[in-house]
Amino acid sequence: MDMTNLSGSIVALVTPFAPDGSIDFAALEQLVDFQLENGTDGILVLGTTGESSTMTDAEDLEVARCVVERVAGRVPVIGGAGSNATFESERKAKALVDLGVDGLLLITPYYNKSNEEGIYQHFTTVMDQVDVPCILYNIPGRTGCSISEKNLARLSRHPNAWGLKEASGSIEYATMAARYLSDDFRMFSGNDDIVVPLMSLGARGVISVWADVAPATVHKMCADFLAGDVAAARAAQLDNLELVHALFCEVNPIPVKCALAEMGMIEEVYRLPLCPISDAGRARLTAALREVGLLG
């Protein structure tokens, strides 16, 4: 599916596990249906929220295949092809494209970190090997390194560099990045608590954890902003702030999987080193879900 004009809410989909720890494909299909029924504009699989770092290569590909087939071209599907080894990211990117994803999410090379030129070559090496739109993922809190302004300026000109997922949490960085946005290079917020502020700088929407539990709300917030109703978008951002904060009260995706389990949509199963949420976190999350009407 052509994702050239994609904007709005892209859900960073969780990967549900069965009680025995295997992937629960039936629940995964139900999550996809829930998103499509509630207006989600795009679906990202195998990101941080998708718990890909705890999964095997074979499992990654089966999850991507399941989602691509279930979506059946109704919205774009983006596959996470991140790795700290460039050749591994390249291999994964090609495999995901072969499965039919419409775009890729590429992360900075964590742990290795590299210097500026190494980071630049990491992204360009992968993008040179595929022919789909690629989103560069800036999340220094996870990776220990950031995409510099110099590299962003260079990378934004690559024909396959379609956008930036900005998840540093820094308005200063987002303001700098906004100078390189164009019809060919977009920005999406990677932080659910500052979607509207980043859209005021030119972001086209959000790649969202919040949308896992409230897809209609996040879709409408983005659509309202893009339609010029900034007041309605701002109200949605502020009215849901406690839920957003609760969804990140512990390391992602622990709280959002807990929330989906509370909502009866998945089993609350993680793979170590991820483990169940604390009692205090669970109480906070349950209260926040109730506050916005997602739990009775």
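Scanning region 122-145 finds no residues that are of a type in the set (D, E, K, R), within 23 Å of Ile254 (Cβ to Cβ) and open to solvent by less than 10 Å² (accessible area, probe 1.4 Å).
Between Glu90, Glu29, Glu37, Glu117, the distinction of being touching a Lys or Arg at 6+ places or on another chain (Cβ under 8 Å) and open to solvent by 20 Å² or more (accessible area, probe 1.4 Å) belongs to Glu29 only. Arg142 - would you say it is more than 19 Å from Ser7 (Cα to Cα), of a type in the set (Lys, Arg) and either in a loop (DSSP other than H, G, I, E, B) or in contact with a Lys or Arg (Cβ under 7 Å, 6 or more places away or on another chain) (or both)? When the stated conditions are applied, Arg142 does not pass them. Checked against the criterion of being closer than 24 Å to Cys275 by Cβ, β-branched (Val, Ile, Thr) and within 16 Å of the chain's Cα centre (by Cα), region 53-71 has at least one qualifying residue.
Inspection of region 268-280 finds a residue satisfying the criterion of being out of contact with any Gly (no Cβ under 7 Å at 6 or more places or on another chain), under 14 Å from Thr49 (Cα atoms) and either crowded, with 20+ Cβ neighbours inside 10 Å or of a type in the set (Ser, Thr, Tyr) (or both). If you check Met199, Met187, Met176 for being touching a Gly at 6+ places or on another chain (Cβ under 8 Å) and either open to solvent by 10 Å² or more (accessible area, probe 1.4 Å) or in a helix (DSSP H, G or I) (or both), only one passes: Met199.
Give the number of residues within region 215-229 that are open to solvent by 60 Å² or more (accessible area, probe 1.4 Å), closer than 14 Å to Ala203 by Cα and part of a helix (DSSP H, G or I). Before the answer, list the steps.
To start, the set of residues in region 215-229 that are open to solvent by 60 Å² or more (accessible area, probe 1.4 Å) comprises 220, 226-227, 229.
Then keep just the ones that are closer than 14 Å to Ala203 by Cα; that gives 226-227.
Within this subset, residues satisfying the condition of being part of a helix (DSSP H, G or I) are 226.
So the answer is 1.
To keep it simple, each residue is scored yes or no on (1) under 26 Å from Lys257 (Cβ atoms); (2) surrounded by 23 or more Cβ atoms within 10 Å (Cβ to Cβ); (3) at pLDDT 95 or above.
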position: Ser53; (1), (2), (3): yes, no, no
position: Val68; (1), (2), (3): yes, no, yes
position: Val75; (1), (2), (3): yes, no, yes
position: Leu96; (1), (2), (3): yes, yes, yes
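The criterion of at least 1 residues that are touching a Pro at 6+ places or on another chain (Cβ under 9 Å) and touching a residue at least 40 places away in the same chain (Cβ under 8 Å) is met, among helices (runs of 4 or more DSSP H) falling completely within region 8-124, by 25-37, 86-99. Scanning region 148-166 for residues that are at pLDDT 95 or above, open to solvent by less than 40 Å² (accessible area, probe 1.4 Å) and not in a helix (DSSP H, G or I) returns Ser156, His158, Asn160, Ala161, Trp162, Gly163, Leu164, Lys165, Glu166.
Hey, among the residues in region 202-213 that are part of a strand (DSSP E or B) and not polar (S, T, N, Q), which one's farthest from the chain's Cα centre (by Cα)? Taking the candidates together, the pick is Gly205. The C-beta contact set for region 136-155 (first residue within 20 Å of Val206 (Cα to Cα) and in contact (Cβ under 8 Å) with a residue 40 or more places away in the chain, second residue small (Gly, Ala, Ser) and part of a helix (DSSP H, G or I), distance under 9 angstrom, 6+ apart or interchain) comprises Asn138/Ala177. Residues that are in contact with a Gly (Cβ under 9 Å, 6 or more places away or on another chain) and at pLDDT 95 or above: does region 15-27 have at least one? The answer is yes; a qualifying residue exists.
The values are calculated or read from the model by the stated rules, or taken from the named source; none is laboratory data. In this text, all values refer to a predicted model and were calculated from it rather than measured experimentally. All Cβ positions, glycine included, derive from the backbone under ideal geometry; neighbour counts span all protein chains shown. For accessibility, only protein heavy atoms count, side chains too; no ligands or nucleic acids. Shrake-Rupley method; radii C 1.70, N 1.55, O 1.52, S 1.80 Å.
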